Amino acid sequence: MNLHFENMEEAKTLFGPHNDHLKAIEKHLEVKVHTKGSNVVIEGDELDVELAGRLLKELQGLLKRGYPIYVSDIDFAIRILSEDRSMNLEDIFLNTVYISSQKKVITPKSVVQKEYIDTIRNYDMVIGIGPAGTGKTYLAMAMALSFLMKKAVKRIILARPAVEAGERLGFLPGDLYEKVNPYLRPLYDALHDMLEFDQASKLMERGVVEVAPLAFMRGRTLNDSFVILDEAQNTKPEQMKMFLTRMGFGSRVVITGDITQVDLPDGKQSGLIQVQDVLKKIQGIKFVYFSEKDVIRHPLVQDIIKAYEEAEQYDGSRET
């Protein structure tokens, strides 16, 4: 396949520093890409060559719309187009969720991530289930800040059950704040990734953003709030019911978790697993399911998740 790009400077940006974007395409699609000036020749299997050519053209379209392309975007783009040839990269990468104080554009990087943020825009309660690294909490946080900045809600509440790997708070050193703080750290990290530290601190001091353990939700009614419950697989059924019934007028609720990573003591049912059956027929509540294809961490994480799933299926078949 031969491609020609009229604008030389645009072609250089498209190819990446030291042709890194083209090298990524070669690696992921097993094609050979040759350049001479702004001309490109792609060689390899017909379907892979076709996909590589389409990828470059769609990435060029993103550049023209002002989207900054990074090497990591090449992998995400190939996953999207490989999974569904009818998808258009602009529909996903330009579906901006939130632009942080550092001018960092936050957008979906997979088809399911796009479905997730579109669902959060349109439903009052969304439950995102899937493996770690799929952006469930991060995108929910971005959407919460977007709602806050548009004054669609008055505050953001971020909650997590303080149950990890069988530990009990009573056996940990320090006062209550020191005991629960390690469990809430991932929420602080996501918040500070999107806001300047001083800006985040002021919002928390004013109570506009609250980060708290799930137990602190009991007895409250949360009006005009964007509420995120993270690591919900570690809630017991009664805790999940308590949380769900805190929802007030003008509020949005997003619940996230990975039902393959339950840290509750043996014999204790996960509220997130149970809620799938309890709430499945209620209109206004939407479930979104992620898979290893949506992992937005190092490419090895996707392979690791898949390997564990295959190992667990093999162990399960042996037991039966």
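A few remarks follow.
- Here is the size of segment 6-156 from its Cα atoms: Rg then Dmax, 17.4, 55 Å.
- Relative to the longest principal axis of the Cα atoms of the chain, the long axis of helix 136-149 makes an angle of roughly 80 degrees.
- The equivalent ellipsoid that matches the C-alpha gyration tensor of segment 69-144 spans semi-axes of 19, 16, 12 angstrom, in descending order.
- Phi-based couplings in Hz for segment 35-48 (Karplus 6.51, -1.76, 1.60; Gly and Pro marked x): 10, 8, x, 9, 9, 10, 10, 10, 10, x, 4, 4, 5, 5
- Heavy-atom accessible area order for Asp266, Asp224, Asp45, largest first, 1.4 Å probe: Asp266, Asp45, Asp224
- Dipole axis of segment 1-64 (+1 Lys, Arg; -1 Asp, Glu on Cβ), positive-most option in Leu59, Asn39, Thr13: Thr13
- HN-Hα J in Hz across segment 243-257 - Karplus 6.51, -1.76, 1.60, θ = phi - 60°, x for Gly and Pro: 5, 4, 8, 7, 4, x, 5, x, 10, 10, 10, 10, 10, 10, x
- Largest accessible area first, the residues Asp294, Asp75 order themselves as Asp75, Asp294 under a 1.4 Å probe with ligands, DNA and RNA left out.
- The heavy atoms of His192 present about 50 square angstrom of accessible area, all protein chains included, probe 1.4 Å.
- Residue of Thr96, Thr13, Thr137 that the Gaussian network model of the chain assigns the largest fluctuation, springs spanning Cα pairs under 10 Å: Thr13
- Accessible heavy-atom area order of Met204, Met87, Met1, Met194, highest first, probe of 1.4 Å: Met1, Met204, Met87, Met194
- Heavy-atom surface of the chain, accessible at 1.4 Å and reported per residue (Å²): 53 Å²
- Using θ = phi - 60° and Karplus 6.51 cos²θ - 1.76 cosθ + 1.60, couplings along segment 65-74 (whole Hz; Gly, Pro as x): 8, x, 7, x, 8, 10, 4, 4, 5, 4
- All Cα pairs of the chain, percent lying beyond 36 Å: 28 percent
- Compared with the dominant Cα axis of the chain, that is its longest principal axis, helix 20-29 is turned about 80°.
- The portion of the accessible surface of the chain made up by carbon and sulfur, rounded to a whole percent, is 50 (1.4 Å probe; DNA, RNA and ligands excluded).
- Only lysine pairs 8 or more places apart, or on different chains, with alpha-carbon atoms under 21 angstrom apart are counted in segment 1-108, and they number 15.
The values are calculated or read from the model by the stated rules, or taken from the named source; none is laboratory data. In this text, all values refer to a predicted model and were calculated from it rather than measured experimentally. Positions of Cβ are backbone-derived with ideal geometry, glycine not excepted, and every protein chain shown enters the neighbour counts. Protein only, heavy atoms only, side chains kept; ligands, DNA and RNA dropped before computing areas. Shrake-Rupley method; radii C 1.70, N 1.55, O 1.52, S 1.80 Å.
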